[in-house]
Every structure is written in C-alpha cells, then in structure tokens.
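The values are calculated or read from the model by the stated rules, or taken from the named source; none is laboratory data. Predicted model only: the values in this text are computed from it and were never measured. Every residue, glycine among them, receives a Cβ derived from its backbone with ideal geometry; neighbour counts consider all protein chains shown.
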Amino acid sequence: MAKALLTLFISSLILVGCQQNVQKAIQPLTNTSEAVTERYEAERQKQEVKSNAMVNCQELCQQQLSSDGQDFNLGPCLSNEIAPDWVCDAAHSPRQEVDNDPANQCESFRQGITHHFVEVDGNCNVIKAR
C-alpha cells in the first residue's frame, strides 16, 4: 500500500511538472508573435512614410517646374520636410560635382534635423530615396 501511495505521489508530481513545462513553452510563442507583429507594423509604417515622401517630392517638383520654371541645374533643395523626417532634393543622374556642394543640399538634412532624403532629377523622376 505504501508503494502504491508513493508511486501515485511521484506520478502526480511528474504530471504537474509536465503541465507547467507545457505552459512555459507556450508563453514564449505568444511573446514572439507579438514581437513579430510589432516589428512588421513598424516596418510597414516606415515604408508608408517613405512612399508618401517620394510621391510628395515628385508632386512638388512638378509644381515648381510648371509654375516657377525653376532651374534644377544647381540641384536645389525643394523641401526641408516633404514628410516627417524626410527632405526633397533635386540632383543629377549620374551625380555631378554640383550635387555634392552643401549649398545645394537641404539644410535640415545637413544639420541632422531630418535623417532621410528623396532625390529627384530635372524631370521629377526619383533617383534615390533613403
């Protein structure tokens, strides 16, 4: 009888321990899923802002070409904030020395106020966005 009680007691401890291990194994999967979802959403938002910056920069470029007839030969800054943390800059493709002149680059990007840029050519085509 004592052996039966001892066996029953040990078996119940093993089962309780196994059940706790299963619950511990499930918990990290939930946390991982939430982390992946958060990272995905953050990346989606970054891509959305980048796409908006590119479209806005092209639209601004076209407006300035049609209304001002602006000369893009010097590669001027078109906007110091075309979207949150993005500037819009005119440049040449292939790049010319005038494009490297700080006077022709967006001041907010040079000063580190904004961290991303869209470059468009004289026909308002996107050259680069990063």
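If you take the residues in segment 92-120 that are assigned to a loop (DSSP other than H, G, I, E, B), in contact with a helix residue (DSSP H, G or I) (Cβ under 9 Å, 6 or more places away or on another chain) and at pLDDT below 95, which one is surrounded by the most Cβ atoms within 10 Å (Cβ to Cβ)? Lay out the reasoning, then the answer.
Quick first cut of segment 92-120, residues assigned to a loop (DSSP other than H, G, I, E, B) only: 92-96, 101, 105-106, 111-115.
Subset that is in contact with a helix residue (DSSP H, G or I) (Cβ under 9 Å, 6 or more places away or on another chain): 92, 105, 113-115.
Remaining after also requiring at pLDDT below 95: 92, 105.
Numbers: His92: 17, Gln105: 19.
The residue in question is Gln105.
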Study note, to complete from the structure: When segment 99-121 is checked residue by residue, the ones that are among the charged types (D, E, K, R) and under 14 Å from Glu81 (Cβ atoms) are Glu107, Arg110
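Mind listing just one residue for me: the one in segment 27-61 that is among the β-branched types (Val, Ile, Thr), modelled with pLDDT under 95 and surrounded by 10 or more Cβ atoms within 10 Å (Cβ to Cβ) and, of those, farthest from His116 (Cα to Cα)?
Only one residue tops the list, namely Thr32.
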Exercise for review: Restrict the check to segment 76-83 and report whether at least one residue is among the hydroxyl-bearing types (Ser, Thr, Tyr) and buried (at least 16 other Cβ atoms within 10 Å of the Cβ).
Suggested key: yes
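In the list Leu13, Leu65, Leu8, which residue meets the criterion of being at pLDDT below 95 and under 30 Å from the mean Cα position of the chain (by Cα)?
On the way: Leu13 fails: under 30 Å from the mean Cα position of the chain (by Cα); Leu8 fails: under 30 Å from the mean Cα position of the chain (by Cα).
Every option except Leu65 fails the conditions.
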